[in-house]
Amino acid sequence: MASAGQGIMAVVLTHNAPDSLARCLEAIAGQTLPPASLLVVDNASRPPVCLNVPPAAPVPTEVLRSETNTGPAGGYAEGLSAFLASGYAHAWVLDDDMIPDASCLERLWAVAERDPGSAFVFPISRQIDGTCGLWPSWCGFIVSRQIVEAVGVPMAELFWWAEDTEYLQWRIPEAGYHMQVVYDAVVDHDPIRHGDGVPLWKYYYETRNMLYVHFRVKHRLGRYPLNMSKLLARAILREKGGRFRRLAVMVRGISDGARGKLGIRYPVEPMRERLSSGSGTGT
């Protein structure tokens, strides 16, 4: 079984979260089936990522740095492009706030190796409140080179929000690749960049991308009315102060989404990590 990891490249995206990244990389190095290689995509962290890999559990590591924060959409587009340029057959894709259990990759691979060319295999995410479930996002899934070659990389133009929906929940399944879930493979998710309140730029990108994906990618209404209603309720009722500014950026997001105007079109303040809750992570 140990030799199977030689075909796997771990791809981790990070931004301004050195402590969280260190926990994630330590968990990767401690896997019962470690990956053959580790690529850290540094999405314009300040200061830049500087790694000290523990000599007791070395995984050959490379840092791919962007001087511009391209969001998860651009960051994973870069990371998976680098994966395609490598000689590895499978990518294990994680956010920096994911801490996989020690046997996570081994258990994922036990399912992936049954049909390695079509492997699209997800763990269960354990949230800080103890709830567990499947959230098809950048949560430590395995994807084969064959799939990425067939469908391409994520849409960098989406920048933030719904890029995982478009890629993982729509484009890959629409190409005929079935998502598999391994219920005894677990990652702990500690969303360390969530704080009080929601910045204006998040309202813009969430509004824009939600509309774009529903109407210009999926070409169907789906859950759009419900999701948009929830966003409006949050903007008007839950957040204090600045109600009209939030509505204004949402109108701009609707206009840009309807016209297909993507990319980084609203300024983004750098995000910083908060102290880890430590729940479920052992830290």
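Bear in mind that the values in this text are calculations on the coordinates, not laboratory data. Everything numeric here is computed off the predicted structure, so don't read it as measured data. Every residue, glycine as well, gets a Cβ built from its backbone with ideal geometry; the counts of neighbours run over all protein chains shown.
For the chain, the membrane-span-like helix rule (DSSP H, alpha carbon extent of at least 20 Å along the helix axis, mean Kyte-Doolittle at least -1.0) picks out 71-85, 243-259; this says nothing about an actual membrane. Maximal additional length on extending the residue 51-residue 67 stretch stands at 4.0 nm, based on 0.36 nm per residue less the C-alpha distance. Phi angles of the range 139-144 translate, via the Karplus equation with coefficients 6.51, -1.76, 1.60 and θ = phi - 60°, into HN-Hα couplings of 10, x, 8, 9, 9, 7 Hz per residue; Gly and Pro are given as x.
Taking 197, 263, 152 in turn, the Gaussian network model of the chain (Cα-Cα springs below 10 Å) assigns the largest fluctuation to 197.
So for the pair residue 135, residue 170, with labels modelled 7 Å out along Cα→Cβ, what separation do we get in nm? Once both label points are built, they end up 2.0 nm from each other. Classify the range 53-129: rounded, prolate or oblate, from the alpha-carbon gyration tensor (a ≥ b ≥ c, eigenvalue square roots; a/c under 1.5 rounded; otherwise prolate if a/b is larger than b/c)? Note, shape of the range 53-129 comes out rounded. Entry note, the chain: the mean residue ellipticity at 222 nm calculated from DSSP H runs of n ≥ 4, each adding -39500 (n - 2.57), is -9000 deg cm²/dmol after division by the residues and rounding to the nearest 500. Mean-square fluctuations from a GNM of the chain, with a 10 angstrom spring cutoff on Cα atoms, peak among 141, 122, 215 at 215. Applying the Karplus relation 6.51 cos²θ - 1.76 cosθ + 1.60 with θ = phi - 60° to the range 145-160 yields 3J(HN,Hα) values of 4, 4, 5, 5, 5, 6, 9, x, 9, x, 6, 4, 5, 6, 6, 9 Hz, where x marks Gly and Pro.
Let's see if you can work this out: charge +1 on each Lys and Arg Cβ, -1 on each Asp and Glu Cβ, no other charges. What is the dipole magnitude of the chain about its Cα centre, in debye to the nearest 20? Its charge dipole is roughly 1520 debye.
Just to be sure I understand, if you calculate Cα Rg over 2.2 N^0.38 Å for this structure, which of (1) 1.60; (2) 1.46; (3) 0.99 do you get? Answer by label: (3).
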